Structures are given as structure tokens and as C-alpha cells.
Amino acid sequence: MVGEWVETVDYPQAPTMTDEEVAALFDVALFARLATINRDGTVQLTPVFFKYLDDEIWIATQDPSQKIRNIKRNNKVSVLVDVPEVPFKAALVYGTAALDYDDVIKKRIAIFERTRSRAEAEDYARKLSGKWKCVIVRVKPERIVSFDYSNF
């Protein structure tokens with residue numbers, strides 16, 4: 001569960017969220033941002049479709065992407081999950097990424113269903129898999145740092 005990794009130390013700018021609030025944020029946020037490390041040491045930050053499932057963040061993407069090349073070199077990643085509303089709230093996940101090539105279309109459909117109908121998710125997943133080799137990035141959280149400005 002989320003609570004095993006939630007950082008309990010308050011940031012100076014805003015209170016942290018409870019385990020339940022972090023889980024709720026993962027349910028309502030439409031996108032996440034995945035940070036990986038480029039070969040030259042710079043950070044690549046990419047918006048991604050995601051789903052929190054089985055204590056992991058699942059991310060749908062294509063194998064030939066830069067973020068996948070980065071993960072193959074260094075599987076330490078960060079994932080920012082937030083909502084674009086005021087008051088601002090977010091959870092920053094630090095973790096380890098694993099690449100999953102098994103039953104990818106089914107898993108991508110589950111991820112895409114968060115933002116569209118089942119039929120649209122199936123169509124989108126199949127179209128993408130026809131263009132590129134697809135993969136699921138499974139991020140196992142090692143630490144989650146959260147903040148919620150509405151808790152002042």
C-alpha cells in the first residue's frame with residue numbers, strides 16, 4: 001500500500017498528505033510526469049498516461065522512446081503526480097522502474113481507460129501497438145513525498 005513509502009516529514013511550504021489522500025490523488029490525476037536520466041546526465045521529464053495498480057505505477061509507452069533507453073541504462077526514476085488546480089497538491093514518487101513486455105495491449109487498455117471509454121482505450125492501444133513495440137514501465141515506489149496546500 002501507499003503508506004509504506006509515504007514520507008512523513010513536512011516540507012516547509014505545505015503539509016504532507018495522508019496515505020488516503022495520496023491514494024485519492026493517484027485515482028484522480030489524469031497524467032503523471034516521468035523523470036529519467038539522459039546519457040549526458042541531464043533529466044528528461046515526460047508527461048505520461050499512468051495507473052496505480054498493485055502498489056506500482058504503471059506507465060504506457062513505446063519501446064523506442066528516449067525514456068526507455070534511459071531506463072535501460074539507469075532504472076532509478078521519479079514520477080510526479082499532481083492536479084492542475086489551486087490549491088496545489090502533488091506526490092513525488094522516487095522508485096525503480098522495470099520494463100514489462102508481457103500482455104502489453106491488455107495493460108495499456110487498463111491504463112487508457114482512466115481517461116477514455118473502454119472502446120476508445122482499446123482502439124488507442126491497438127493503433128499505437130501497430131506503429132511501435134509497446135512496453136509498460138512499472139515503477140515500484142521506494143519513497144513518496146507529498147504536499148497539499150489546501151491543508152493549511
Calculate the translational D of region 83-152 in whole µm² s⁻¹ from Stokes-Einstein, where the hydrodynamic radius comes from the Kirkwood formula applied to all Cα pairs, the temperature is 37 °C and the viscosity 0.692 mPa s.
-> 228
For helix 19-28, report the angle its Cα long axis makes with the longest principal axis of the Cα atoms of the chain; keep it between 0 and 90° and round to the nearest 10°.
-> 40
Heavy-atom accessible surface of the chain: percent carbon and sulfur, 1.4 Å = 53
If amide H atoms are modeled at 1.01 Å from N in the peptide plane, then the residues at a separation of 5 or more from Arg143, or on another chain, having amide H under 5 Å from its own are Tyr94
Using alpha carbons only: equivalent-ellipsoid semi-axes of region 50-101, gyration tensor based, whole Å | 23, 12, 11
In Hz, Karplus ³J(HN,Hα) per residue of region 96-111 (6.51, -1.76, 1.60; θ = phi - 60°; x = Gly, Pro) = 10, 9, 10, 9, 10, 9, 8, 6, 5, 4, 4, 5, 5, 4, 4, 5
Convex hull projection area averaged over all views, the chain, Cα basis, nm² | 9.3
GNM top mover of Glu113, Glu122, Glu85 - the chain, alpha-carbon springs below 10 Å | Glu85
What is the local net charge at Ala98, summed over the other residues whose Cβ is closer than 10 Å to its Cβ (Lys, Arg +1; Asp, Glu -1)?
-> 0
Which residue fluctuates the most in the chain, going by a Gaussian network model with Cα springs under 10 Å, if the choices are Val139, Val28, Val93?
-> Val28
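The values are calculated or read from the model by the stated rules, or taken from the named source; none is laboratory data. Keep in mind the model is a prediction, meaning the values are calculated, not measured. No Cβ is skipped: glycine too gets one built from the backbone with ideal geometry, and neighbour counts run over all protein chains shown. For the accessible areas, the whole protein counts, side chains as well, though only heavy atoms, and no ligand, DNA or RNA atoms are used. Shrake-Rupley method; radii C 1.70, N 1.55, O 1.52, S 1.80 Å.
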